[in-house]
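Quick notes on the structure that follows.
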Amino acid sequence: MNEILETLPGTTTQSLQSDEPKPEAKTRDEFDVEIDGTVGQPFVDNPKMSSRNCDVFYAEKQAIFDVNVDIGRNEIIAMIGPSGCGKSTYLRVLNRMNDTIPICRTTGTHTLDGEDIYAKDQDPVLLRARVGMVFQKPNPFPKSIYDNVAYGPRLHGLTSNRSELDDLVEASLTKAGLFKEVKDDLQKPGTGLSGGQQQRLCIARAIAVDPEVILMDEPTSALDPIATAIIEELMDDLKESYTIAIVTHSMQQAARVSQRTAYFHLGRLVEVNDTDKVFTNPEHQLTENYITGRFG
Amino acid sequence: MPINTILITLVALLIFGYFLGRKRSLAVAGSTAKGYSDLHSLPSYYGYMVAVWAGIPALIILLIWSAFSSSIVTSMTISGLPEQMQAQSKQQLGLVMNEIKNLANSGLIANETDPIKQAAAEHYQKLTHINTMAKTVVVFVIALIGLVLAMRLIKPETRARNIVEGVIRWTMIICASIAILTTVGIVMSVLFESLLFFTSVSPIEFLFGTKWSPQTSIRTDQVGSSGSFGAIPLFVGTMLISAVALCIAVPVGLMSAIYLSEYANKNIRAFAKPTLEILAGIPTVVYGFFAALSVAPFIRNLGESIGLDVASESALAAGLVMGIMIIPFVSSLSDDVISAVPQAMRDGSFGMGATKSETIRQVIIPAALPGIVGGILLAASRAIGETMIVVMAAGLSANLTINPLEAVTTVTVQIVTLLTGDQEFDSPKTLAAFALGLGLFVTTLVLNIVALHIIRKYREQYE
Amino acid sequence: MKDSTKIIKAGLNKRYAREKRFKFFGLCSIILSFAFLLILLSTIVGRGLPAFQQTYMKLDVTLDEETLGVTSNSSSKELFSAKYDKVIRNTLYDMFPNVSDRKEKRALRNIVSNSAAYDLRDKVIANPELLGTTQSYWFLAKDDVDVYMKGNIDRNLPESDRRIKDFQLVWIDRLIAEDRLEKRFNTVLFNAADSREPEQAGMRGAIMGSFLTMLVTLLLSFPVAVAAAAYLEEFAPQNNRWVDLIEVNINNLAAVPSIVFGLLGLAVFINFFGVPRSTPLIGGLVLSLMTLPTIIIASRAAIKAVPPSIKEAAIGMGASPVQTLFQHTLPLAMPGILTGTIIGMAQALGETAPLLMIGMVAFVAEVPGGIFDPATVMPVQIYLWSDSPERAFTERTSAAIMVLLAFLIVMNLIAIILRKKFERRW
């Protein structure tokens, strides 16, 4: 809960724990260029997911202002921006994780395969099985590696017997590139793995329920460079079968892994374009300021 | 002088000493060129120093004297009694001594008919008088010596502040060490009496015997005068009632904690938590009254209406009420450990599409399990040591049974029964209470240490 | 739709049913706890409220000098031992001249409390001119009459099942018809000490005993606990064996069963040091050892909450650590320490078990005047009364519980207000 509140734009919470420097009030004024709708190409044909007129409020405070964007099939879309810009909040809109925060309210139209995910008859439990999520800090459950991966399938009743489950666990771990390292230690606690392994375990856990979309919220920010490289490679493999939306602080990471990049600023979506274009020839002044390191 | 007067006079002396010391320090202080006095400390510290020197040794002597004088005077009076009276058993001697003391205190010695007692009472009165006189004189002489010595110590270079602060520090260390003294006192008191007990009853019989009937007869020549001290029925009874209590308190307490921390909204929580705490604040004697007066008859009638034979002091009634008493205990401990489970765990589970209850049952409770187990152990230790509810609502006869509908007795009930009312301090009956107390102390100590250890380890895991 | 999605969808209803069930169990637990609390309190209040009223009986007593065996010239000592009970007895016999059976006569004497004679005595001694006159006085009725007047004896029951027999009912009916029975506020409950007679039993002795015991407890435990807490928080060296031992002991003592402290008091204080039994002094000694851990733990938390910057500022100004403690840390921590102390005292006030071990269960019919007098305390009084078979005592027990709970509520309210008022966020 706190983690979420901290990423609010202009929030005054003083207990911020994030390492990166916050944009100061002065810089904000300096770069407070008018944001008038999203520039670039936010929309694609036949999108996997899409949002229209998305506003998010935490109690009285608005965190996201009128975001309109599509996420294409089997693409990796990166969301970047200074901290507190609302990118994580927006990501959590896509699998209704924000529903778990009582004071949080989301409006607008959000679809998955054209289906309204905020419709009355839509079920958040089912939605979250279809739109998986990997979190900033590796959060394996205090269970064995096997049970961690088997958690989702067991919940949802995806397998009918033990050997099917065994196969599914092995397949998921293999896809996450972890099976070789842990195949002899499946009954050991997941919390005993290294940070990078834990994060891949969390990816395997998400894959095990066979989602259509995987949301990744700064999945490598708690990891060392080598573990980060492995995860990035993994993402590249995963995009063959899944649609991935990743929030990242590292512009290099966005440039390396994504096809499209969305730049958020103070709760508004400023620019969406092909990654190459964003990093070489951004359309919006704010995007340029950010990627050239003048703030953020 | 009675002790109150001594204390008040002593305090007056200390205040006097304080002002004397302060005045003297100002008198001995020379002035330096800058106009400051060359005293090492503020004048008031010299005053405190004098008060400390005068007061502390005198107080210590007074305390020690008062603590031991009554037993010394008593034994001196006894040694003054005729031989044949001294030869009596300890209990009878104690009774005689009580009579003599009452006689001396009532001031009606002249009315006593027994010349021996009259003489002894007079002797006692005289000894008490001498004792008080001597105490007064010694205490004040020591106080005055301290005062004079301290006054002579006052010189500008005396580090009065450091001396006073040193005394304060040592006082604080001693105060802190009272916790250790208390534990030592507990161990000593139960251990020594228990060892005495085990000289007349073998530990094997005590620990493994199945018959408990401590009623020793008045006359030693009666049959069955020794009583039997097999504590198994008490242990089983204690376990039975505690188990009933935990069966109520653990599910209700745990589920309450889960509901309040995971489901209830802010307003309900703000209302429900303090309300639950009220249950913890109600004195146990009230629960005992409630159990004996309302719950036990209710359960008996309920049992009768479905054709069960329920004892009027059933273990079920006592256990049920004890369970109610420890609900808030379990729920607040569980609440602590559940809220210690990081939010990331919950997010991870929700992100997989788990429902709230699935998250609680399959992630949060397993993660919080060590803490919950620790809490349950603490609750068990509470239940085992609980006294008033069982004294008022459980039985006195030691049945060896695990049927909660029957009446059982517990360790604490027996301690109370053996030690209230008329007692002779050296009979095995009285000593048995201390042996039971030792068992109770050791059991709860082990439970507490294990529980606190588990909880600490658990906390460290998520810090 | 993918296969997995279909499977998940199929299982959803079942899972939501489980979810609902689980939530329902949680709600039930809360409601159950509240219900227990409500039943407990309503039982006590329901039974205790009538005890705040007491039945009085109006008698027209003729203070006949001959019956009393005194004259208007008698000394106060003679007046003191005059036969007031005979006056009361004759009054009753005159009112019901038909009673002749010996057993019935005894019953008749017993419809008024035996305190009536003492009341009369006090009145005559205060005003000897009353001798020879006839006066109407209200006297305490006997407990059985009181129980009947409060509707707790059903006159439709067979006579053998009632404590009030038919012939007594006739008297009572007549007394009621003549307006000679009246329920009034029960001042005895607050003005008298314990008694074997329910209608004369009050809790003033117990309240005074509790007060004296709490006074001893407070005077002993508060300074010691604050000193100990200050030492452990501010002066104790790190990784010192002795300090670790102290900490372990404090934590364990907080969880030692209270009855064990009673054993300690019996073996060490009474039998070894010869502290007098049954007195507020010994009670206070034992209870202060018991409350020490509570107050120490609360005080440590309060001292810890004082920000180091304030202490550093004082030290930086050249204050010694002891001066810093007394001039800055303790005053700032005091609200927290006091809150903890009040809560500890409230616990001690409700404690019964250890006091049973040290002789505070004795029947004490006088209000204690000092810490060396035999005394009992409120919870023990409750225990003693609850043990008495008379129906009227059950009622008084509940009333005593209500008084005790009222004290506890007040103490806790003070603690809450103190915390709210002085709570400081640094």
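Please treat every number below as a calculation from the coordinates, not as lab data. Here the structure is a predicted model, which is why all the values come from computation and not from measurement. Glycine also receives a Cβ, built like all others from the backbone with ideal geometry; neighbour counts cover every protein chain displayed.
Just the C-alpha atoms of the stretch A:70-156: what Rg/Rh do they give, with Rh taken as the Kirkwood radius?
Value, to two decimals: 0.98.
Return the average number of partner chain Cβ atoms within 10 angstrom of each residue Cβ along peptide B:451-460.
For this peptide, the per-residue mean of nearby foreign Cβ atoms is 1.
Could you pull the Cα extents of the stretch B:3-158 along its three principal axes, largest to smallest, in whole Å?
Sorted from largest, the Cα extents of the stretch B:3-158 read 81, 26, 18 Å.
Alpha carbon centre of the stretch C:350-411 versus the stretch C:116-187: separation in Å?
27
Going out from 0 in 5 Å bins, what whole percent of all Cα-Cα distances in the stretch C:204-422 drops into each bin?
That works out to 1, 7, 13, 16, 16, 14, 11, 8, 5, 4, 2, 1, 0, 0, in percent per bin.
Using the C-alpha gyration tensor of the stretch C:3-49, what are the square roots of 5 times its eigenvalues, in whole angstrom, with the largest one first?
They are 45, 5, 4 Å, listed from largest to smallest.
DSSP H helices in chain C with Cα extent of 30 Å or more along the helix axis and mean Kyte-Doolittle hydropathy at least -1.0?
Qualifying helices, which must be both long enough and hydrophobic enough, are C:3-48, C:204-230, C:280-305, C:391-422.
Using 1/(1 + (r/R0)^6) with R0 = 60 angstrom and r between the beta carbons of B:ASP309 and B:LYS155, what's the FRET efficiency to the nearest 0.05?
0.10
Among B:LYS457/C:LYS304; C:LYS304/C:LYS421; A:LYS48/B:LYS356; A:LYS120/C:LYS20; A:LYS180/B:LYS457, which pairs are too far apart, with a Cα-Cα distance over 30 Å?
Over 30 Å apart, Cα to Cα: A:LYS180/B:LYS457.
Taking the alpha-carbon set of chain A, what are its Rg and Dmax in Å?
18.9, 62
Beyond 12 Å, what percent of the Cα pairs of the stretch B:119-165 remain?
Every Cα pair in the stretch B:119-165 considered, those over 12 Å come to 73 percent.
For the protein assembly as shown, compute the orientation-averaged projected area of the C-alpha convex hull (one quarter of its surface), in nm².
65.6
Rounded to the nearest 20 debye, what is the charge dipole size of the protein assembly as shown about its Cα centre when +1 sits on each Lys and Arg Cβ and -1 on each Asp and Glu Cβ?
Dipole of the protein assembly as shown, to the nearest 20 debye: 1780 debye.
Fully extended, how many nm does the chain gain between C:ASN98 and C:GLU366 (0.36 nm per residue separation, minus their Cα-Cα distance)?
Using 0.36 nm per residue and subtracting the Cα-Cα distance, I get 92.5 nm.
Grab the eigenvalues of the alpha-carbon gyration tensor for the stretch C:1-116, scale each by 5, take roots, and send me the semi-axes largest first in whole angstrom.
The answer is 78, 16, 9 Å, longest axis first.
So for the stretch C:102-149, what are the equivalent ellipsoid semi-axes in whole Å, largest first, each being the square root of 5 times an eigenvalue of the Cα gyration tensor?
25, 13, 9
Return A:CYS54, B:CYS247, A:CYS104, A:CYS85 ranked ascending by Cβ neighbour count within 10 Å, so the fewest neighbours appear first.
Fewest-to-most ranking of A:CYS54, B:CYS247, A:CYS104, A:CYS85: B:CYS247, A:CYS104, A:CYS54, A:CYS85.
Specify the residue with the greatest mean-square fluctuation among C:GLY340, C:GLY209, C:GLY318, computed from a Gaussian network of chain C linking alpha-carbon atoms under 10 Å apart.
Evaluated over chain C, the most mobile residue of the options is C:GLY318.
Would you mind ranking B:THR409, B:THR401 so that the residue whose beta carbon has the fewest other beta carbons within 10 Å leads the list?
B:THR401, B:THR409
Using a Förster distance of 51 Å, how high is the FRET efficiency between B:LYS211 and B:LEU302, based on the Cβ-Cβ distance and rounded to 0.05?
Step by step, r from the Cβ atoms, then E = 0.95.
From other protein chains only, count the Cβ atoms within 10 Å of every residue's Cβ in B:252-264, then give the mean.
Averaged over the peptide's residues, the number is 5.
Taking chain A as a Gaussian network, Cα atoms linked when under 10 Å apart, which of A:GLY157, A:GLY267, A:GLY37 shows the biggest mean-square fluctuation?
Judging by the Gaussian network model, the answer is A:GLY157.
Given the options C:ALA51, C:ALA107, C:ALA348, which has the most mean-square fluctuation in a GNM of chain C, springs set between C-alpha atoms less than 10 angstrom apart?
Comparing C:ALA51, C:ALA107, C:ALA348 in a Gaussian network model of chain C, the most mobile one is C:ALA107.
Over all pairs of distinct alpha carbons, what does the Kirkwood formula give as the hydrodynamic radius of chain C, in Å?
So the Kirkwood estimate lands at 26.7 Å.
Run the simple label-point estimate for B:THR5 and A:ALA171 please: 7 Å along Cα→C-beta, distance reported in nm.
9.9
Taking only Cα atoms of chain B, what ratio of Rg to Rh do you get with Rh as the Kirkwood inverse-distance radius?
1.11
What FRET efficiency, computed as 1/(1 + (r/R0)^6) with R0 = 22 Å and r the Cβ-Cβ distance, is obtained for C:ARG155 and C:THR187, rounded to the nearest 0.05?
Using R0 = 22 Å, I get an efficiency of 0.15.
List the lysines whose Cα lies under 16 Å from the Cα of B:LYS211, skipping any in the same chain that are fewer than 8 positions away.
Partners within reach: B:LYS429.
I'd like the orientation of helix B:3-28 relative to chain B: the angle between its Cα long axis and the longest Cα principal axis, in ° from 0 to 90, rounded to 10.
That works out to roughly 60 degrees.
Say each of C:GLN135 and C:SER75 gets a label point 7 Å from the Cα, pointing the same way as Cα to Cβ; how far apart are those two points in nm?
2.3
Going by how many other Cβ atoms sit within 10 Å of their own, how do C:ARG204, A:ARG268 line up, fewest first?
Sorted ascending by nearby Cβ count, the order is C:ARG204, A:ARG268.
Size of the dipole of the stretch C:3-49 about the Cα centre, Lys and Arg at +1 and Asp and Glu at -1 on the beta carbon, nothing else charged, in debye to 20?
My answer is approximately 260 debye.
How long is the stretch C:53-186 along each principal axis, judged by its Cα atoms, biggest number first, in Å?
So the three principal-axis extents are 53, 35, 23 Å.
Let me confirm one metric for peptide B:355-363, namely the mean number of other chain beta-carbon atoms within 10 Å of its residues' beta-carbons.
Other-chain Cβ atoms within 10 Å of each residue's Cβ, averaged: 6.
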